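A short worksheet on the structure shown next.
A short reminder: the numbers here are calculations on the coordinates, not readings from a lab. Everything quoted here is computed from the prediction, not taken from an experiment. Cβ sites come from the backbone with ideal geometry, for glycine too, and all protein chains shown count toward neighbours.
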Amino acid sequence: MNRAQEILPAGTWPNTSASDRIALDYDARHRRRFRYVASAGTDFLLDLARATVLNHGDGLALDDGRIVEVIAAPESLTEVRAETAQELVRLAWHIGNRHLPAQLEADRILIREDHVITDMLIGLGAQLRHLQAPFTPESGAYANAHSHAQQHEHPFVFTGASHGH
């Protein structure tokens, strides 16, 4: 079985050279090691050093030289909007306080469909719309600490203090 141990970031390789494509939702794009079968039948093992989020347009370089293009598959999402930027920030705080994955954009927030959360957001005055779209939530402040730390030295060390709940 072919293995994919290298990710070719979107835009750094000619996607016309892809021998196959694979459409994955967010959870399936956030892996370290998993067996996949792409749309034209290419069977391969994703085998990375650490769990990584695969982005839309990334290429997975297989051992035999072929490249499988990653497509971000549409998911059932809720679009959250507000009358003002201040209200949207307030809604973002409530979403974040519940530790929900969220895709933040200038004028909207995308979250996965969840009737309990949508009821809460309606109660807070949000304007909601259900849609099917690719989902790429924020990865978090420390998600890339390993690669960032390798680029330059940091004088401070995070001690892991609790945030109080």
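Calculated FRET efficiency, residue 5 to residue 37, Cβ-Cβ distance, R0 = 22 Å: about 0.80 to the nearest 0.05. Converting the Cα gyration tensor eigenvalues of region 69-112 into ellipsoid dimensions via √(5λ) gives semi-axes, longest first, of 22, 12, 8 Å.
Could you please state, rounded to a whole Å, how far the C-alpha centre of region 12-38 is from the C-alpha centre of region 112-141? Here the answer is 26 Å between Cα centres. Extending 7 Å from Cα along the Cβ direction at residue 118 and again at residue 86 yields two label points whose distance is 2.9 nm. Between residue 138 and residue 49, the contour length at 0.36 nm per residue exceeds the Cα-Cα span by 29.9 nm.
With only alpha-carbon pairs counted, each pair once and no self-pairs, how large is the Kirkwood hydrodynamic radius of region 11-149 in angstroms?
Numbers: mean 1/r = 0.0594 Å⁻¹.
Hydrodynamic radius (Kirkwood, Cα pairs) of region 11-149 is 16.8 Å.
Compared with the alpha-carbon gap, the fully stretched path from residue 130 to residue 15 is longer by 38.3 nm at 0.36 nm per residue.
What ratio of Cα Rg to 2.2 N^0.38 Å holds for region 45-122? Please list the in-between numbers first.
Numbers: Rg = 17.2 Å, N = 78, 2.2 N^0.38 = 11.5 Å.
For region 45-122, the normalised Cα radius of gyration comes out at 1.49.
Taking amide H as placed 1.01 Å from N in the peptide plane, residue 25 has its amide H under 5 Å from the amide H of 73, each at least 5 places away in sequence or on another chain.
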